[in-house]
Amino acid sequence: MLAGMLARLGVPTHLIDRDPAPHEQARATGIQARTLEIFERLGIVDGWLREGQQLRVFRSLSPDGRELRAETFEHLDTPYPFSINIQQRITERLLTEHLEQQGGRVERETELVMLQQDADKATAILHHDGREETARFAYVVGADGAHSRVCEAIRLPIVGGDYASTFAVAEVDGSWPYPNDEATVIVGPAGVCMGAVFRDGRFLIITDAPDDLAEAPGRDDMQRLVTTRGATGVAIQTVHWSARFHLHCRLAQHFRRGRVFVAGDAAHVCSLFGGQGLNMGIHDAYNLGWKLALVVAGLAPHRLLDSYEAERRHVAESELAYTDTAHRGLFARDAAWPASALAHEAAFVGATDTAARRRLLAHAELDVNYRRSPIVASHGSMAPDSPAAGDWLSMPSLSPDRHHLLVPRTLAVDTIVRGSRVPIAPHVHDDESLVLVRPDGYIGFSARPADPGALADYLDRTFG
């Protein structure tokens, strides 16, 4: 995702992967509404809509089929009121196609051996084809997962813990008696079973499991787990991929040290019961990409990159609170975090309509905002129903390659636009406000009534 963002903004990268070929596993399968909105801004959402299965309801059942809870997306303010269930191998293929369309590529069978940095560059030793190569880079981003070598190299402390339970996951063929547009969770005394269908007719099964289960559970293992947890109508014929695993709830203390950044699971690892991990990594890349591009091009000061941690670590804390609460709601004996570590988790607990809406917004990642960011600002008083500085602005027609300025018809801003260091595209709108939209679709600055002087001050303060 990050390499594709940078390539389309004209920044050359080396994207290395030690694996010889893409994996063929289901892995993380949930694509949330805000992620689909991001893909729409990039012009690539059609691949997920075409190859993914829409899930419009999350329904919890008892083993005897009694409904415990049902949450639907239909009332959410988004053009995509659903989640997409899609194998991770397809998501990675679609993102790789986007990268290659921008002229980039994945450098396979290349491994990071050593990483150091000084004031001017980061030095990496790379192993490829039996040889070691030393290379210097302006910046390095570790998107290398929960056991990140980049994290180790820059000695980033990780906080959090591990859940006690063991789990099994499998991508299977067979009979799935529940609606295709729903994710179904069966909760009973024997354990929990969660499942959802893919577009190709296969389905994903996740259950808690005994500690002595095989590392790659077979058909009989998975059938027994599913049946004993009350999913009696499910019949598994073929297991295409399976794994036994543990879940974690961990967060890096920092997302940046000098010229080195971490993103995705290298920065945060959460329970899959919430469907956030893959999406958070995509959003990390989306947030960091435009900032790196401006700094590398000399259009913004180095300090702009400080805002990556300020914005994304706060979001990660909130999303980990949500997934931790969702996980412990199903598995009460698991407690990876001390309760005091996530004081705001109580907002997601309860059966009230407000709590349910908060859960759903967090699940869809529609509650993500950067209002506390050091690089967003507002001036004057915005209308009560208007998005605030730091909020997402739902205008997919605005391209992700520059800033956009929404201007009242009677206001002239040509001088400010021409004098800005960063590329800005002006757009007339029927409102009294002046709104600067960042390349990632979030509002960087807003003023009501429109104040060109305040905008000029913001641009100078943020970009120099």
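Values in this text are rule-based calculations from the coordinates and carry no lab data. Since this is a predicted model, take the numbers as computed values, not measurements. So basically every Cβ, Gly included, is an ideal-geometry build from the backbone, and we count neighbours across all protein chains shown.
Which value in deg cm²/dmol, rounded to the nearest 500, describes the helix-derived mean residue ellipticity at 222 nm for the chain, given -39,500 (n - 2.57) per DSSP H run of n ≥ 4 and division by the residue count? Don't jump to the answer; show the numbers that get you there.
Values: 11 runs with 127 residues, N = 464.
Taken over the chain, the calculation gives -8500 deg cm²/dmol.
Averaging sequence separations of C-alpha pairs under 8 Å and six or more residues apart, then dividing by the length of segment 21-92, give the relative contact order as a whole percent. Intermediate results must be reported in sequence, preceding the final value.
On the way: 96 pairs, mean separation 34.4, N = 72.
That works out to 48 percent.
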Review point. Summing Lys, Arg as +1 and Asp, Glu as -1, what charge do residues with Cβ under 10 Å from the Cβ of A124 carry, A124 excluded?
Key: +1
Practice item. Starting at the first residue of segment 110-123, write each ³J(HN,Hα) from the Karplus equation 6.51 cos²θ - 1.76 cosθ + 1.60 with θ = phi - 60°, in whole Hz, x for Gly and Pro. Key: 10, 10, 6, 9, 8, 9, 9, 8, 10, 5, 9, 8, 10, 10
Practice item. In whole Hz, with x marking every Gly and Pro, tabulate ³J(HN,Hα) for segment 376-385 from phi via Karplus 6.51 cos²θ - 1.76 cosθ + 1.60, θ = phi - 60°. Key: 10, 7, 10, 9, x, 9, 7, 4, x, 9
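Rounded, prolate or oblate: which fits segment 118-275, taking a ≥ b ≥ c as square roots of the Cα gyration tensor eigenvalues, rounded meaning a/c under 1.5, else prolate when a/b beats b/c?
Because a/c hits 1.5 or more and a/b exceeds b/c, segment 118-275 counts as prolate.
So for segment 46-197, averaging the separation of alpha carbon pairs under 8 Å that are six or more residues apart and normalising by length, what relative contact order in percent results? Let's see the in-between values first.
Values: 182 pairs, mean separation 38.4, N = 152.
Relative contact order, segment 46-197: 25 percent.
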Point to revise | Of F203, A383, S60, farthest towards positive along the dipole that unit charges on Lys, Arg, Asp, Glu beta carbons give the chain | key: A383
**Study point:** Convex hull volume per residue for segment 64-153, taking Cα atoms only, in Å³
**Key:** 241
Point to revise | More than 38 angstrom apart: percent of Cα pairs within the chain | key: 26
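Could you grab the relative contact order for the chain? Cα pairs under 8 Å, six or more apart, rounded to a whole percent. Could you put the intermediate results ahead of the total?
Details: 950 pairs, mean separation 70.3, N = 464.
Result for the chain is 15 percent.
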**Study point:** Förster radius 41 Å - calculated FRET efficiency between A214 and R303, Cβ distance, rounded to 0.05
**Key:** 0.20
Practice item. Would you work out the charge dipole size for segment 114-162 about its Cα centre, treating the Cβ of every Lys and Arg as +1 and the Cβ of every Asp and Glu as -1, and quote it to the nearest 20 debye? Key: 100
Review point. If you find the alpha carbon centre of segment 372-413 and of segment 283-297, how far apart are they in angstrom?
Key: 19
Check your understanding: Can you work out the base-10 log of I(q)/I(0) for segment 353-463 at q = 0.09, 0.10, 0.18 1/Å, using the Debye formula on its C-alpha atoms alone?
Key -> -0.24, -0.30, -0.88
Check your understanding: Considering amide H positions built from the backbone, and no H for Pro or chain starts, which residues 5 or more places from Q117, or on another chain, come under 5 Å of its amide H?
Key -> T123
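In terms of the Cα gyration tensor, with a ≥ b ≥ c the square roots of its eigenvalues, is segment 28-87 rounded because a/c is under 1.5, prolate because a/b exceeds b/c, or oblate? Please list the in-between numbers first.
Details: a/c = 3.60, a/b = 1.99, b/c = 1.81.
The shape class here is prolate.
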Check your understanding: If Lys and Arg each add +1 and Asp and Glu each add -1, what is the summed charge of the other residues whose beta carbon sits under 9 Å from the beta carbon of Y308?
Key -> 0
